Amino acid sequence: MIGKESTAGRVTKFTFLGLWLLFTVFPLYWITITSLKAPGDIFAFPIAYWPEHFSLENYSGLFGKADFGVYLTNSLIIATVAAAVATVISMLSAYVLARFEFRTKSALLMAALVTQMIPTFIALGPLYLLMTDLKMVDNRLGLILVYIAVCIPFCTVMLRGFFENIPDALEEAAMIDGLSRFGALFRVLLPVMRPGIVAAFIFNFVNCWNELFLSVTLMNSDSNKTVPTALNGFISSFNIDWGSMSAAAVLTILPTMLLFAFASRHIVQGLTAGAVKG
Amino acid sequence: MPTASETTEPKRTAAAGASGNGGARPVRKAQQGRRKPEFTARRGFLITVFMAPAAIFVAVFTYYPMIAGSQMAFRHWNLSDLTDTSWVGLKNFHDVFADPAWGTVLSNTAIWVFGSIVPQLVIGFALALWLRRRFRFRGLYQALVFFPWAISGFLIGILFRWMFNSEFGVVNDLLQKVGLIDEPVAWLADPKTAMFAVVVANVWYGVTFFTIMILAALQSIPEELYEASALDGAGKVRTLFQITIPYIRVTLALTVLLRIIWIFNFPDLIFGMTGGGPNNETHIVTTWMIKITQQGDYGRASALGLIVVATLLVFATFFLLATREKREVKP
């Protein structure tokens, strides 16, 4: 809505924006504050919006009693590798889907859309058996392979939108100048694509980092658990230790939030370029 | 007249979105016509090689398990007795529909999907319209407001479970301070309020996606359209319904479709927040499926999974057909 903005309009706008900001940020503030209270103070009444004394006890507990460091490392390795490989593979398929017309193309795109409709739980049993056959149950590589497959469909559609926004003439020129198709792809196209690639990687990373059900099914030994699996372990008992839980939540949220903070611009462009044309 | 700082900055994205795309297609078609006869074999080879990794991964780790899982839906497949995995036809489907809780599960799913998507769309749209115009700290504002999208649904469930806690929850405390309630409400113990609470959490999470998608689509609307509309003396509401919405219709339709599919198929948040309780009253179809899996009845869970896929397929087909005609008219 471009055009003149009335004072009333501005007031409405900033009131709304302010309220929404409060609503968005408050839960994050609250979990952080909870994690920094001494375990006893968490259940103190009246509720303290700003604790009298801060304590890192909940955090030290996580690394002392539980192996939270191990879970974080596992998640970091698995999410990074899976996201990187999925991005590369998706780039190839996105390139083909954006640049060529061929008979099976619409079927492939439809197949990508259908993957979004499949509930994880229908595939869990057979997937577990398959991974058993491949000797990859409770194995980080195994989970990485599964995550790659989970990331590919949406990532391909997203990157395809990006490729479509880049004029063909760019590669044509490079190829006329003597580069091969691969040369043109890697040396000319990819640098232009960088924002899209960054967005795709981040999106994949966040998805893998946050995934719960596949990880719970495929990773059973404690040394192989990922962060969401560990969190799930915290609530499986009836009494939740809210102190440890909130500290663990903060540690889980922090990495993806930092990624978002650094790259929110890329994400806006990346998600849209892909999905608008999808 | 908008001053320089007040106008949006559609330059970069709009160039990529509108002219870049509009220009790319005809050029490509023309060039392909020229290139095609010479390199048909090589083209085929390249397409195959480039598609292969993605196709193999998805086929092996998504489609194969799904199809293998589907046949369980027609068998007796229960962890309590794995010696008997005989064919039972449609019995599992019958059991799903005959379950007394099924009606609740279905109506919960409807509340979950529509109760979440409508506020997400409306708030997301409003945010996008307002974020379109530059203002001080807009970058920071966006970064902060986009954070929920970086968090897992499961963790969001836990976050809101803590806030809605009846004894120590901050929601009760705040509402009492403001005077909206007199005494603490047991949000997650009462079916009505529990369903409301999970939807609130989902709205918190999902608005971002709409904002992002709509914001970028808005940036592809040519400024001239608004200028013309202003010259014609159209008010804000008319401009919104006659220019903005028609122009971004395709994005809107696809975003709504994708989100409905995702929300329908999103047990994580409810799983973390209420686990389907109290007394099954917040179960949606996919959390119900988790529960049945945990009880070991894989046959019935698979039947439920097939029902989900079929429902979403039918829905997506109708949705795409309904929005198709407009899609060809608009860019």
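The values are calculated or read from the model by the stated rules, or taken from the named source; none is laboratory data. Small disclaimer: the values here were computed from a predicted structure and weren't measured. Don't worry about glycine lacking a Cβ; one is built from the backbone with ideal geometry, like all the others, and counts go over all protein chains shown. The area values use the complete protein model at the heavy-atom level, side chains included, leaving out ligands, DNA and RNA. Shrake-Rupley method; radii C 1.70, N 1.55, O 1.52, S 1.80 Å.
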Checklist (1) in a helix (DSSP H, G or I); (2) aromatic (Phe, Trp, Tyr); (3) facing chain B (nearest Cβ under 7 Å) applied to A:Phe102, failing item: (1)
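Within segment B:80-97, is there a residue that is at pLDDT 90 or above, open to solvent by 40 Å² or more (accessible area, probe 1.4 Å), in contact with a Phe, Trp or Tyr (Cβ under 9 Å, 6 or more places away or on another chain) and of a type outside the set (D, E, K, R)?
Of the residues in segment B:80-97, the ones at pLDDT 90 or above are B:90-97.
Checking the rest, the ones that are also open to solvent by 40 Å² or more (accessible area, probe 1.4 Å) come to B:90-91, B:94, B:97.
Checking which are in contact with a Phe, Trp or Tyr (Cβ under 9 Å, 6 or more places away or on another chain) leaves us with B:90-91.
From the residues that got through so far, the ones that are of a type outside the set (D, E, K, R) too are B:90.
Yes, segment B:80-97 contains at least one residue that is at pLDDT 90 or above, open to solvent by 40 Å² or more (accessible area, probe 1.4 Å), in contact with a Phe, Trp or Tyr (Cβ under 9 Å, 6 or more places away or on another chain) and of a type outside the set (D, E, K, R).
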Residue in segment B:114-147 that is farthest from B:Leu257 (Cα to Cα), counting only those that are of a type in the set (Lys, Arg) and open to solvent by 40 Å² or more (accessible area, probe 1.4 Å): B:Arg136
In segment B:148-175, the residues that are aromatic (Phe, Trp, Tyr) and open to solvent by 10 Å² or more (accessible area, probe 1.4 Å): B:Trp149, B:Phe164, B:Phe168
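Can you give me the number of residues within segment A:167-186 that are assigned to a helix (DSSP H, G or I) and surrounded by 12 or more Cβ atoms within 10 Å (Cβ to Cβ)? Break it down stepwise before answering.
If we filter segment A:167-186 for residues that are assigned to a helix (DSSP H, G or I), which is where we start, we get A:169-176, A:181-186.
Going one step further and asking which of them are surrounded by 12 or more Cβ atoms within 10 Å (Cβ to Cβ), we end up with A:169-175, A:181, A:183-186.
Of the residues in that region, 12 qualify.
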Output for segment B:191-219, where each listed residue is among the polar types (S, T, N, Q) and under 18 Å from the mean Cα position of the chain (by Cα): B:Asn202, B:Thr208, B:Thr211
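Considering only residues that are within 20 Å of the chain's Cα centre (by Cα) and within 7 Å of chain B (Cβ to nearest Cβ), which ones fall in segment A:90-99? Outline the logic, then answer.
Of the residues in segment A:90-99, the ones within 20 Å of the chain's Cα centre (by Cα) are A:90-91, A:94.
Selection gives A:Ser90 alone.
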Some residue of segment A:147-159 being within 15 Å of A:Leu92 (Cα to Cα) and more than 10 Å from chain B (Cβ to nearest Cβ): yes
Residue selected from segment B:220-246 under the condition of a type in the set (Val, Ile, Thr) and over 16 Å from A:Ser6 (Cβ atoms), by the criterion most open to solvent (accessible area, probe 1.4 Å): B:Ile245
Single residue of segment A:70-89 satisfying the filter (open to solvent by less than 40 Å² (accessible area, probe 1.4 Å), farther than 16 Å from A:Val206 by Cβ and not hydroxyl-bearing (Ser, Thr, Tyr)) that is nearest to the chain's Cα centre (by Cα): A:Asn74
Qualifying residues in segment A:115-142 (those that are surrounded by fewer than 18 Cβ atoms within 10 Å (Cβ to Cβ) and at the interface with another protein chain (Cβ under 7 Å from one of its Cβ atoms)) - the one farthest from the chain's Cα centre (by Cα): A:Thr115
Answer from B:Leu225, B:Leu252 - the residue that is touching a helix residue (DSSP H, G or I) at 6+ places or on another chain (Cβ under 9 Å) and in contact (Cβ under 8 Å) with a residue 24 or more places away in the chain: B:Leu252
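Within segment B:124-139, restricting attention to residues that are assigned to a helix (DSSP H, G or I) and either under 25 Å from B:Val200 (Cβ atoms) or touching a residue at least 60 places away in the same chain (Cβ under 8 Å) (or both), which residue is nearest to the chain's Cα centre (by Cα)?
Kept after step one, since they are assigned to a helix (DSSP H, G or I), are these residues of segment B:124-139: B:124-131, B:138-139.
Next, only the ones that are either under 25 Å from B:Val200 (Cβ atoms) or touching a residue at least 60 places away in the same chain (Cβ under 8 Å) (or both) stay: B:124-131.
Values: B:Gly124: 13, B:Phe125: 15, B:Ala126: 18, B:Leu127: 18, B:Ala128: 17, B:Leu129: 20, B:Trp130: 22, B:Leu131: 21 Å.
Taking the candidates together, the pick is B:Gly124.
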Residue within segment A:17-37 that is open to solvent by 20 Å² or more (accessible area, probe 1.4 Å), free of Cβ contacts under 8 Å to residues at least 60 places away in the same chain, outside any helix (DSSP H, G or I) and out of contact with any helix residue (DSSP H, G or I) (no Cβ under 8 Å at 6 or more places or on another chain) present: no
Selection from segment B:72-90 of residues that are touching a residue at least 12 places away in the same chain (Cβ under 8 Å) and either within 12 Å of another protein chain (Cβ to nearest Cβ) or assigned to a helix (DSSP H, G or I) (or both): B:Met72, B:Ala73, B:Arg75, B:Trp77, B:Asn78, B:Leu79
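Based on this model, can you work out whether B:Thr251 counts as within 11 Å of chain A (Cβ to nearest Cβ), modelled with pLDDT under 85 and either closer than 30 Å to B:Phe154 by Cβ or buried (at least 20 other Cβ atoms within 10 Å of the Cβ) (or both)?
Numbers: within 11 Å of chain A (Cβ to nearest Cβ): yes; modelled with pLDDT under 85: yes; either closer than 30 Å to B:Phe154 by Cβ or buried (at least 20 other Cβ atoms within 10 Å of the Cβ) (or both): yes.
For B:Thr251, the condition - within 11 Å of chain A (Cβ to nearest Cβ), modelled with pLDDT under 85 and either closer than 30 Å to B:Phe154 by Cβ or buried (at least 20 other Cβ atoms within 10 Å of the Cβ) (or both) - is met.
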